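One structure is given below, encoded as structure tokens.
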Amino acid sequence: MGPEGPAGASVNAAVIDGVTTGNPGESASATVALNAGTLHFSFSIPHGEAGGQGMTGADGAVGLTGPAGPQGPVFTIFVVESVTTLDPAQPATVTTVFDGTSVKLVFGIPRGFQGNDGGPGLTGPQGAPGEVSLAELNAAIANTSSNSNVVAGLAGPYADPDAETLRQKLNELIAALRK
């Protein structure tokens, strides 16, 4: 099972923006949008086919019309009471309770199935070089002076003391390169 996702947006109220009448045979539909903490619902409900002509009813008795009944409660507030995460493959649920002034909604939404592991990612850029120990440095340069092994020292001695000093220093340099 994967990690739990981040918390969703908070819902403080719900409003029905509109109900339209569709044509017979069309499917009913509903849309919902979340805007600044308020759920906005829009519904489309098709009307039925026209019925056939009914029989003429008998004349009713002459009488008085009774008084109109009291106005029912008006509600325009929807409140989301709770949202529960269900196991995968369970159907989504919604229940409603009317308390006289507002419609309270309780949602149950199934989480998705565990996904497959992704493949390997792309190779990242070359990192910065790390520190090198003295032993690693010595091992790396141990055989690098082999190019100087083919350079022979100068045979001598020379009669000119300056040339002899120069020959000795050059031989000293060649010997140092071979270390």
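Given Gly8, Gly18, which one is in a loop (DSSP other than H, G, I, E, B) and either closer than 20 Å to Ile109 by Cβ or at pLDDT 75 or above (or both)? Result of the check over Gly8, Gly18: Gly8.
In segment 76-90 there is at least one residue that is farther than 30 Å from Asp117 by Cβ, in a loop (DSSP other than H, G, I, E, B) and out of contact with any Asp or Glu (no Cβ under 6 Å at 6 or more places or on another chain). For segment 149-169, taking the residues that are of a type in the set (A, V, I, L, M, F, W, C) and either within 29 Å of Asn138 (Cα to Cα) or open to solvent by 90 Å² or more (accessible area, probe 1.4 Å) (or both), the one that is farthest from the chain's Cα centre (by Cα) is identified as Ala159.
Can we say Glu172 is open to solvent by less than 70 Å² (accessible area, probe 1.4 Å) and at pLDDT 80 or above? No, not satisfied. Here Val106 fulfils each of the conditions (1) closer than 30 Å to Gly2 by Cβ; (2) at pLDDT below 80 apart from (2). Considering segment 107-143, the residues that are of a type in the set (A, V, I, L, M, F, W, C) and assigned to a strand (DSSP E or B) include one that is least open to solvent (accessible area, probe 1.4 Å), namely Phe107.
The values are calculated or read from the model by the stated rules, or taken from the named source; none is laboratory data. Everything numeric here is computed off the predicted structure, so don't read it as measured data. All Cβ positions, even for glycine, are placed from backbone atoms using ideal geometry, and neighbour counts span all protein chains on display. Note: accessible area is taken over every heavy atom of the protein model, side chains too, but ligands, DNA and RNA are not part of it. Shrake-Rupley method; radii C 1.70, N 1.55, O 1.52, S 1.80 Å.
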